[in-house]
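**Student:** Dumping the structure here so I can ask a few things about it.
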Amino acid sequence: MSDLRFSANLGFLWTDRSLPDAVRAAKVAGFEAVELHWPYETDTAQLKAALAETGLPVLGVNTLRGDVAAGEFGLAAVPGREEEARRYFERALGYAEAIGVANIHVMAGKSEGTAARQCFIDHLRWARDLAAPKGVGILIEPLNLRDVPGYFLTDCAAAADIVADCGGSGIRIMFDCYHMQIMGGDIVSRFQRFRDVIGHVQFAAVPDRTEPDHGELDHAWLLPELLRAGWHGFFGAEYKPRGKTDIGLNWMTQFR
Ligand SMILES: O=C(O)[C@@H](O)C(=O)CO
Ligand SMILES: [Mg+2]
């Protein structure tokens, strides 16, 4: 593999296997890390065993979204739901400590306005102060409004302001090229502008969020360009395979 290091997002890849087996499959495929969405039903001892066996680090887990059937997508920026949001974060932190996770992605939820922003900031400060002594960082991710209408956080400038208002340390932006392209594009300049507060990078084809081998974004150009723009971390492959995950891994060969 070149200088690019890839992380397999097991929220989308190898979902036909148990999470421990998905970790093993990611190792065999050449990924150098994994990231999870909502692994909470998976036994931590079994997951830990697969992680130890493969040596793959876990870059992130998400806080729970709330009542998904009712359209909820996180609670941290939803006034009136503060207690539940804190319980979700404590659950994520407990799981992160049990298996060893670098970051918790705090999901903001659907809301708007100054009360929602203050609610999010209060939650993030509290969460950061709880997680930092345990060596766990916080990520916040601007999402696109086509997939998640009404989501509170949709833009990097707003996310960077929130990080600053939280005091700057312990909270970083998850820069997902898929969402960024849908919310205006100009990905490399935006990455450069917010580089100092970016804590993870993800990618997928736009517009269909499948393998990064077609569509609006030329990943063979884009990902090395982000390295040149100063990114030193992993690239999270967060796409929904068109078929079986293993069949769709050819995109990786262009980076070898
Ligand atoms: O981009 C995404 O959808 C994710 O990174 C996520 O964590 C949940 O929405
Ligand atoms: Mg993402």
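**Student:** Identify all residues within the stretch 206-256 that are surrounded by 12 or more Cβ atoms within 10 Å (Cβ to Cβ), under 21 Å from the mean Cα position of the chain (by Cα), more than 16 Å from ligand 2 (Cβ to nearest atom) and under 18 Å from residue 35 (Cα atoms); write none if there are none.
**Tutor:** Correct list: 245, 249, 252.
**Student:** From the list 87, 65, exactly one residue is within 16 Å of ligand 1 (Cβ to nearest atom), open to solvent by 20 Å² or more (accessible area, probe 1.4 Å), farther than 19 Å from residue 198 by Cα and out of contact with any helix residue (DSSP H, G or I) (no Cβ under 7 Å at 6 or more places or on another chain). Which is it?
**Tutor:** Values: 87 fails: within 16 Å of ligand 1 (Cβ to nearest atom).
Testing whether each residue is within 16 Å of ligand 1 (Cβ to nearest atom), open to solvent by 20 Å² or more (accessible area, probe 1.4 Å), farther than 19 Å from residue 198 by Cα and out of contact with any helix residue (DSSP H, G or I) (no Cβ under 7 Å at 6 or more places or on another chain) leaves just 65.
**Student:** Taking only the stretch 227-247 into account, find how many residues are assigned to a helix (DSSP H, G or I) and out of contact with any Leu (no Cβ under 9 Å at 6 or more places or on another chain).
**Tutor:** Quick first cut of the stretch 227-247, residues assigned to a helix (DSSP H, G or I) only: 227-228, 246-247.
Imposing the further condition that a residue be out of contact with any Leu (no Cβ under 9 Å at 6 or more places or on another chain) reduces the set to 228, 246-247.
Adding up the residues that qualify gives 3.
**Student:** Can you pull out every residue in the stretch 127-184 that is open to solvent by 40 Å² or more (accessible area, probe 1.4 Å), within 12 Å of ligand 2 (Cβ to nearest atom) and either under 16 Å from residue 89 (Cβ atoms) or of a type in the set (Lys, Arg) (or both)?
**Tutor:** Residues satisfying the conditions do not exist here.
**Student:** Scan the stretch 16-51 residue by residue and report those that are under 20 Å from residue 251 (Cα atoms), surrounded by fewer than 16 Cβ atoms within 10 Å (Cβ to Cβ) and without any contact (Cβ under 8 Å) to a residue 60 or more places away in the chain. Steps first, answer last, please.
**Tutor:** First pass over the stretch 16-51, keeping only residues under 20 Å from residue 251 (Cα atoms): 22-35.
Add one more test, that the residue is surrounded by fewer than 16 Cβ atoms within 10 Å (Cβ to Cβ), and what stays is 28, 30.
Scanning the stretch 16-51 gives a single hit, 28.
**Student:** Please indicate, with yes or no, whether at least one residue in the stretch 177-190 is out of contact with any Lys or Arg (no Cβ under 9 Å at 6 or more places or on another chain), of a type in the set (Phe, Trp, Tyr), at pLDDT 95 or above and outside any loop (DSSP other than H, G, I, E, B).
**Tutor:** No, that holds for no residue.
The values are calculated or read from the model by the stated rules, or taken from the named source; none is laboratory data. Since the model is a prediction, treat every value here as computed from it, not as a measurement. Note: ideal-geometry Cβ built from the backbone for every residue, glycine included; neighbour counts use all protein chains shown. The area values use the complete protein model at the heavy-atom level, side chains included, leaving out ligands, DNA and RNA. Shrake-Rupley method; radii C 1.70, N 1.55, O 1.52, S 1.80 Å.
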